[in-house]
Every structure is written in structure tokens, then in C-alpha cells.
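The values are calculated or read from the model by the stated rules, or taken from the named source; none is laboratory data. Small disclaimer: the values here were computed from a predicted structure and weren't measured. Cβ coordinates were reconstructed from backbone atoms using ideal geometry, including for glycine residues, and neighbour counts include every protein chain displayed.
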Amino acid sequence: MAVLEDLGCDLPALVIAECQDLLAQIAEKSERIETKTKALKALAAETDTARRLQTMPGVGPLTALAVEAFAPDMAQFKSGRDFAAWLGLVPRQRSSGGKARLGRISKAGQSDIRRLLIIGAMSRTTGRARHQVPAESWLGRKLATKPKMLVGIALANKMARQFWAMLTKNEDYRDPALARA
């Protein structure tokens, strides 16, 4: 608003009025987003499944609630790989004659949860989070040799498998680095 007042002498009144209207709409939408975010956080804190899933790095209230709402009972899946395949986070296989040929990610399955998992995984592989990853960890070794997006998809697959384990065993997230120590 202050910028518009400073530039007010150079801009026509109609342009200033339109800009002020747009700024008011942005402020209103931002307030509505904050209100809904608080409601989602409160809902995620109430349910045991969502609370448990949020113990994993890269998983927020929206991802936890999406898994709780859209994923079937984890007992339906024999393993974490089956759950990751249901989400579409495994490579397509075009294998014959005993020679394994892995292609691109299948992208078949539940797209909302898959998208949220990939966003959460990418948040752990880029920016400041990347510098906090120990170089000797699985994620650190992958980041050193592979493209970020490939590592993000692989991490999302790993997160899906860990979701299955956490929900079938009714346990919170355990950091693999701490488990080895």
C-alpha cells in the first residue's frame, strides 16, 4: 500500500484503485489460508495416525491427513513395496529373459498422496535441508551421485514404505541413523 501511495502521483486513479483492490483480495485470501492451515494442524494433532506420520521428517499435517483419508487399510498390502506401487512410486518393469529393464516411475495409483510425498521428499533434498544431511547417510550418498529429482522420487518411495511399516506396527518414526548407533 505504501508503494502505491509513493507512486500515486504518477499513476492514474483507476490503476491505484485496482491495485488496492487486488492487495485487499490477497490479504483476505492469506487470512483464509492461515485459518484453514490452523484447522488442519489441529485436526492432524487429534488423530493418532496423522500424529504418528508427522514424526517423519518431510511429512506435514496435509500429507498425514491425506494418507489417513485416501489410503486404504495398510493390512491390505503385503509389504511396503506394495503400498509404494499402489501410490505409483515404483519404476515400470519391462523385463524378459531374466534381464531386468526398469523404466520411468509408473505414476499409476493415488496421485494426491504421491504428489504430497514427492513434495515432502524434495523439501529434504533441496535448500538448507540438504546441508543438514550427513554425507555418510543413504540420502547423502544418493545426493552426491544422482540428480536431485531422482533422489527425491527414491526418497518418496522410501517414505511410503516407512509409512506402511509405521502404520502396520503402530510405531512412530525411527531415524535409521540412530537405530544403527
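Quick grid of which residues meet (1) surrounded by 10 or more Cβ atoms within 10 Å (Cβ to Cβ); (2) not in a helix (DSSP H, G or I); (3) not assigned by TED's automatic domain parsing to the domain that holds residue 165:
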position	(1), (2), (3)
14	no, no, yes
17	yes, no, yes
20	yes, no, yes
23	yes, no, yes
28	yes, no, yes
37	yes, no, yes
40	yes, no, yes
58	yes, yes, no
62	yes, no, no
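Considering only the stretch 64-81, state which residues are surrounded by fewer than 20 Cβ atoms within 10 Å (Cβ to Cβ), in a helix (DSSP H, G or I) and in contact (Cβ under 8 Å) with a residue 60 or more places away in the chain.
74, 75, 81
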